[in-house]
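*Asks:* Take this structure first; my questions come after.
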Amino acid sequence: MLLRTCGSRRRGALVAVLMSAALSASVAGQGKDEKTKVNDAQRADAQALVDLVEGAIQGKAAGNGLELKWARHYFLKAQGEKTYVPFVLIVPSEGISSPRVGLYLRVAARSAAQTATGTSGTVQKSKSDAPQYAFEDLYFFDLPQPGPGKPHRIARAFAVPPGDYDVYAAITEHGGQKGTDGAKKSGVTHQAITVPNFSVSGLTTSDIIVAEQIETLAEPITSDSQADHPFTFGQMQIVPALEHRFTKKDELKIVFWIYGAGTDTQTKKPDANIEYKFHRVEGDKQTYFNKTDPQPLNAQTLPAQFDLAAGHQLSGSLGVPLASFPEGNYRLEIEVQDKAAGKQVTRDVSFTVAP
C-alpha cells in the first residue's frame with residue numbers, strides 16, 4: 001500500500017484561521033473562561049511562531065534560548081505522485097521550563113518563497129490573500145521524554161510533489177516561565193531539500209532508514225495518530241538512528257522500499273534479490289569484510305495475495321549483530337537485482353562501530 005498523504009493538503013490560510021477562530025484542542029471539560037484563556041494563548045503562540053519564521057526568512061536573528069536543529073529526513077513514495085518526507089528535529093533538554101510546546105511547520109517551493117505577513121507585520125486575516133504553501137501546519141503537544149543525556153526528539157512529516165523546497169520549523173514553549181526578557185523560549189530552523197520523483201518508470205528505492213529500534217505493533221495506528229507517529233508504517237514502528245554510530249553490543253537495522261520492479265510473466269509476482277555486502281573503510285581505502293545471505297523477493301517468499309498492481313510495495317530489511325565487527329568505519333553496499341526486468345540498483349549506507 002502506498003504511503004498516505006495524511007495531513008499534506010495545502011493549508012495556506014491555516015494560521016489566519018487560527019488567529020480568527022477559537023481553538024478547541026486540549027481544552028475539553030474546561031469552563032468557558034478557561035477555554036478562552038487557552039485559546040488566546042494558542043493564538044498568541046501561533047502569531048509568535050509565524051513571526052519567527054518570517055524573521056528567519058528575512059535573515060534576522062531568530063529564536064530566544066532554544067536551539068532547534070534539523071537532524072534527519074527521508075524520502076519515500078506516497079500517493080498522488082507525491083513524496084512522503086518524515087523528518088526528525090532535536091532540541092536540547094536543558095533549560096526547557098515546560099514540556100508543552102507549539103510547533104509551526106512551513107514548506108515553500110524554492111521559486112515561490114513568499115511570506116505571510118502584511119504591511120502591519122501581523123498574520124493576514126483574509127483567506128483569499130493568504131499565500132498557499134506546499135505544506136503548512138501548527139501543532140501543540142508535549143515533548144517526548146528523552147533518554148539520559150539526550151535531546152528531545154520531534155518527529156513529523158509532510159508530503160509534497162517533487163521539486164526544490166525551503167522547510168522552516170519554529171518552536172516555542174507553550175506555558176512555563178518566561179525568560180528574563182519577558183519572552184518565552186523559542187527557536188527556529190531552516191532546511192533546503194530537493195524532493196525526488198518516485199513516479200518515473202524504472203527501478204529505484206526509497207531512502208535507507210537506519211533504525212535504533214523497529215517494533216511490530218499489535219494493530220495499525222489510527223489516521224488521527226499518524227501525524228504524531230510519522231515513522232509508523234502499517235504495523236511497523238521505526239525509531240530512526242540519528243547518528244549511524246553503534247557499539248559491538250548493538251544491531252544494525254535497516255528498512256527501505258523498492259519501487260518500479262517488474263513482474264515475472266508466469267507467477268505475476270516480482271522476482272528480485274537483495275544482496276548486502278560490508279566493506280571496511282580506512283581513509284581512502286575500502287576492503288571487503290563480509291556479506292549476508294541474499295534476500296529473495298519472489299513468488300516463493302512473498303505473500304500469496306501480494307500484487308504490485310494493487311499498490312503493494314516491496315520492502316527490504318536487515319538486522320545484523322555487530323559483535324563480530326572490529327571497531328572502525330564501514331560501508332554497507334545494498335544491491336537490488338530485479339531479475340524480472342533485468343535491472344539493478346545499488347545503495348550505500350555508512351556507519352561506525354565505536355568502543
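*Asks:* Residues that are of a type in the set (Val, Ile, Thr), at least 3 per element: which strands (runs of 3 or more DSSP E) completely within the range 279-355 meet that?
*Replies:* Passing ranges, in order: 343-354.
*Asks:* Also, I was wondering about something else. Take the range 219-241 and flag every residue that is of a type in the set (A, V, I, L, M) and either at pLDDT 95 or above or under 18 Å from Lys253 (Cβ atoms) (or both).
*Replies:* Met236, Ile238, Val239, Ala241
*Asks:* Spot the failing condition for Lys253; the list is (1) basic (Lys, Arg); (2) out of contact with any Phe, Trp or Tyr (no Cβ under 7 Å at 6 or more places or on another chain); (3) loosely packed, with under 15 Cβ neighbours inside 10 Å, and only one is missed.
*Replies:* (3)
To keep it simple, each residue is scored yes or no on (1) over 28 Å from Gly202 (Cα atoms); (2) not aliphatic (A, V, I, L, M).
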residue	(1), (2)
Ser225	yes, yes
Phe233	no, yes
Val239	yes, no
Arg245	yes, yes
Lys248	yes, yes
Ile254	no, no
Trp257	no, yes
Thr265	no, yes
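*Asks:* How do the pairs read when you match residues in the range 224-244 that are outside the structural domain of Pro151 (by TED's automatic domain parsing) with residues anywhere that are among the polar types (S, T, N, Q), using Cβ under 7 Å and keeping only pairs 6 or more apart or on different chains?
*Replies:* His229/Gln237; Phe231/Gln237; Gln235/Thr216; Met236/Thr216; Val239/Gln213; His244/Ser350; His244/Thr352
*Asks:* Still on this structure, please answer the following. Could you please let me know if Ala341 is farther than 20 Å from Thr247 by Cα and in contact with a Gly (Cβ under 9 Å, 6 or more places away or on another chain)?
*Replies:* Values: farther than 20 Å from Thr247 by Cα: yes; in contact with a Gly (Cβ under 9 Å, 6 or more places away or on another chain): yes.
Taking the combined requirement at face value, the residue satisfies it.
*Asks:* Follow-up question, since we're still on this one. Taking the criterion of being charged (D, E, K, R) and free of Cβ contacts under 8 Å to residues at least 12 places away in the same chain, would at least one residue in the range 200-212 satisfy it?
*Replies:* No, because not a single residue in the range 200-212 is charged (D, E, K, R) and free of Cβ contacts under 8 Å to residues at least 12 places away in the same chain.
Table: residues versus (1) charged (D, E, K, R); (2) crowded, with 17+ Cβ neighbours inside 10 Å; (3) over 24 Å from the mean Cα position of the chain (by Cα).
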| residue | (1), (2), (3) |
| --- | --- |
| Gln313 | no, yes, no |
| Ser324 | no, no, yes |
| Leu332 | no, yes, no |
| Asp338 | yes, yes, yes |
| Gly342 | no, no, yes |
| Thr346 | no, no, no |
| Val349 | no, yes, no |
| Thr352 | no, no, no |
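*Asks:* So which of Gln79, Gln58, Gln47 is over 22 Å from the mean Cα position of the chain (by Cα) and within 28 Å of Pro161 (Cβ to Cβ)?
*Replies:* Gln58
*Asks:* Which condition number in (1) outside any loop (DSSP other than H, G, I, E, B); (2) out of contact with any Gly (no Cβ under 9 Å at 6 or more places or on another chain); (3) loosely packed, with under 15 Cβ neighbours inside 10 Å is the one that Glu219 fails?
*Replies:* (1)
*Asks:* Looking at (1) under 14 Å from the mean Cα position of the chain (by Cα); (2) closer than 12 Å to Pro151 by Cα, which is the one condition that is false for Glu67?
*Replies:* The single condition Glu67 does not satisfy is (1).
Quick grid of which residues meet (1) outside the structural domain of Val88 (by TED's automatic domain parsing); (2) farther than 26 Å from Ala241 by Cβ; (3) at pLDDT below 90:
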residue	(1), (2), (3)
Asp129	no, yes, yes
Gln145	no, no, yes
His152	no, no, no
Ala169	no, no, no
Thr172	no, yes, no
Gly176	no, yes, yes
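*Asks:* When only residues in the range 58-96 that are out of contact with any Phe, Trp or Tyr (no Cβ under 7 Å at 6 or more places or on another chain) and β-branched (Val, Ile, Thr) count, which is surrounded by the most Cβ atoms within 10 Å (Cβ to Cβ)?
*Replies:* Within the range 58-96, the match that is surrounded by the most Cβ atoms within 10 Å (Cβ to Cβ) is Val91.
The values are calculated or read from the model by the stated rules, or taken from the named source; none is laboratory data. Only a predicted model underlies this, so the values are computations on that prediction, with no experimental measurement involved. Glycine gets a Cβ as well: all are built from the backbone with ideal geometry, and neighbour counts include every protein chain shown.
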